[in-house]
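What follows is calculated from the coordinates using simple rules that are stated; it is not laboratory data. Worth saying up front: this structure is predicted, and the values here are computed from it rather than measured. Here the Cβ is made from the backbone with ideal geometry for all residues, glycine too, and neighbour counts use every protein chain on show.
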Amino acid sequence: MTGYFLYAFIYLIAAVIAVPIAKRLGLGSVLGYLIAGLIIGPVFGLVGDETVAIQHFAEFGVVMMLFLVGLELEPRSLWAMKAKLMGLGGLQLTLTTALITGVALFLEQPFGIALTIGLIFALSSTAIVLQTLQEKGLQRTQGGKSAFSVLLFQDIAVIPMLALIPLLAIPELVATGSEHGAAEAHDSFNLAEGLAPWAYGLVIISSIAFLTIGGHYLSRPLFKFVAASGLREIFTATALMLIIGIAALMGLVGLSPALGAFLAGVVLANSEFRHELEANIEPFKGLLLGLFFITVGAGINFSLLSENPMLIAGLTLAVMLVKAVVLFVIALIFRIKGKNKWLFTLSLAQAGEFGFVLLSFASQNYVLPSDIISVLSLVVAISMFLTPGLFILFDKAIIPHYKNAKSQRDEDVIDEKGSVVIAGIGRFGQIVNRLLVANDVKTVVLDIRSEQIDLFRRFGNKAYFGDASKPDILHTAGAQEASLLVIAIDDRDTAAEMVKYAKHAFPNVKVLARAFDRGHGYRLRQLGADFVVSETYHSALEMGAEALRSLNIHPFHVERQKMAYKNIESQQNDVLYHAWVDDASGERIDNNYLKLFSELESLIEDALKADLHDKHSKMRGWTPPPKGYAEKLAPDEKPGKTSK
């Protein structure tokens, strides 16, 4: 028992030290886990053969991850992906398998071995790619969605691969009873093994039908029953039981546990318990995936690598290059444009964790000899280890390139002047501009985002491509002659610099600035902005009011509550601002500020509660219509009539 504790401590302390450092250096958590495994494994030898057994256990993190991915997708969304799933995924798998098989045949490998190698390297790492896409917020980009489609198709394709590989057994290996394959006895409990093809198909269809129908009709009563107990740990146990049960069921009928978990997630995507499930599963998924990455790093065979460095390096680079070329061509065919094309190409250029599964399966079925398996395992592991580097390449080289390409667009010639200059024409600036233009106010609109300018112009509006933070652009736009300068950009530092410059260069121009939050607002005010508004303040206040109205609170009281809230905020705003400004230590949010802020919250709460019971307040939240108003309305405009 002490040994288990010791190993657990080694794995955990390696992760606790390496991952935060990697994150701070901008390398991402996946690379941190891989480095942690490398340090405790090949470098210092603190862990040994138990790594393989732990890796099999940690692969359950992939199952959990696909369950969570499924929860994010409704069946309708999955059906909408069918074209990408089959097109992108099918083409990638076919082309990659064909090319790598061809290379292996060229290297004089038998067809069975060559095809098996092609199938193994056609797969990519679902664990690394999805985890990294989520960390970087790229999962909803075109490149991220396309990569997910390919990964999902690959996970499905593992099933026919497992059926095909035994048919490729090498007679010589079967005859000699490959020692490597015999040593690793197949420990699965496949109940469908030995069935006739039609019976096997029936078992698979029945299993998926049970999963789908049972998940839809049985899960809700079960979760309601468990939730009624009020015991959070039992709900967590139920969620784990569900996923482990699905994985076991899929394993019993020879299907991929990850695929089964994904389908279960899709079935439960519309469940009212979806968010509770996510919250309960997420920590287990993160820990198991981290453990899986550590075992990949720890499993790198340095002795084999040191004996054949050129061979291993050459094979790894060749595999990644072939996959990248195939992915790039597919991206061109499916018109994945810009940086998304590179994200799609670089993110899937590695081998995947299912490669280990297929290598083990191929060994057990006498398809691959042990010496080839050792080399290929190392190639799979190293290609996975290099993947975070490809994402860093994307961040550091690809994205800046596209940004520079955009900035190379010549700035527009500003051929008009207006009484208001608006910097930034995003969703915030557009509303400001619309109000002004509707009142016949001449505006000059500037934005540095070319795509935003092009989109704005498509709606018949006039705007200029140019960096409003540059003094010469502001002068060209006539800011010195304007009445107002509206700074509506969403870059905090640039907005602050613009306020500072504008109040210095155009002291007679009134500056209205958009703030990100309260602290940013104070900073803009300190720099001289004449009017500052937080970008979410009024919309949040309006949403709160609508929430009250939706709860059947009378509009009269709702309006009064809004006004009371705004009045207290306005009265205390100067106090808080001066507390923020006066702090000599430079720590703007100090204890004094926190105390004042707490007082503000108490004042708001007290004012709102007092307002509810004040029958004699002079504050009018809502003015009733004048007498006889209703009689003047047309019949279809009378109160209670629904407009068509």
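General observations
- Once both labels are positioned 7 Å from their Cα atoms along Cα-to-Cβ, the gap between Ser419 and Leu541 label points is 2.6 nm.
- Annotation: peptides 59-66, 314-321, 119-126, ranked by per-residue average of other Cβ atoms within 10 Å with the highest first, follow the order 119-126, 59-66, 314-321.
- Span-rule helices in the chain, defined as complete DSSP H runs reaching 27 Å or more along the axis (Cα) with Kyte mean at least -1.0: 2-24, 142-164, 197-217, 232-252, 274-298, 309-333, 370-393, 555-582, 591-613
- Ratio of the Cα radius of gyration of the stretch 200-333 to 2.2 N^0.38 Å, where N counts its residues: 1.47
- Averaged over residues, the count of other Cβ atoms within 10 Å places the peptides 363-372, 270-279, 341-350, 505-514 in the sequence 341-350, 363-372, 505-514, 270-279, highest first.
- Comparing Ile294, Met543, Leu249 along the charge dipole axis of the chain, the residue lying farthest to the positive side is Met543, per the Cβ-charge model.
- Residues in the stretch 45-74 reached by a label modelled at Asn301 [backbone nitrogen below 19 Å; 7 Å Cα→Cβ]: 45-56
- In this label model, Ile553 and Leu311 are separated by 7.5 nm, measuring between points 7 Å along each Cα→Cβ vector.
- Within the stretch 388-547, the proportion of Cα pairs with more than 28 Å between them is 26 percent.
- Estimated FRET transfer efficiency when R0 is 41 angstrom, pair Ala610-Ser450 (beta carbons, to 0.05): 0.20
- Extension gain (nm, one decimal) between Leu167 and Asn508, 0.36 nm per residue minus Cα-Cα: 114.4 nm
- Label-to-label distance, nm, for residues given as Trp79 and Arg458 (7 Å Cα→Cβ offset): 2.8 nm
- Extension gain (nm, one decimal) between Leu435 and Ser370, 0.36 nm per residue minus Cα-Cα: 16.1 nm
- Point-charge dipole on Cβ atoms (K/R +1, D/E -1) for the chain, about Cα centre, debye to 20: 2300 debye
- Summed over qualifying helices (DSSP H, 4 residues or more, each -39500 (n - 2.57)) and divided by its residue number, the chain shows a 222 nm mean residue ellipticity of -21500 deg cm²/dmol.
- Rounded, prolate or oblate (a/c below 1.5 giving rounded, otherwise prolate when a/b exceeds b/c) for the stretch 458-507 by Cα gyration tensor: oblate
- Taking 21 Å as the limit for the C-alpha separation, the pairs Lys136/Lys339; Lys442/Lys462; Lys23/Lys337; Lys23/Lys323; Lys84/Lys145 exceed it in the case of Lys23/Lys337; Lys23/Lys323.
- Based on every Cα atom in the chain, Rg and the maximum pairwise Cα distance Dmax equal 31.4, 103 Å.
- Prolate/oblate/rounded call for the stretch 38-156, Cα gyration tensor, a/c under 1.5 rounded: oblate
- Burial order of peptide ranges 289-296, 378-385 (average beta-carbon count within 10 Å, highest first): 289-296, 378-385
- Only one residue of Val43, Gly87, Ala349 has its Cα farthest out toward the positive end of the dipole of the chain, where Lys and Arg carry +1 and Asp and Glu -1 on Cβ, and that residue is Gly87.
- Paramagnetic label zone (point 7 Å from Cα along Cα-to-C-beta, Glu135; backbone N under 16 Å) in the stretch 2-21: 14-21
- Treating r as the C-beta distance of Thr94 and Ala53 and R0 as 22 Å, the FRET efficiency rounds to 0.05.
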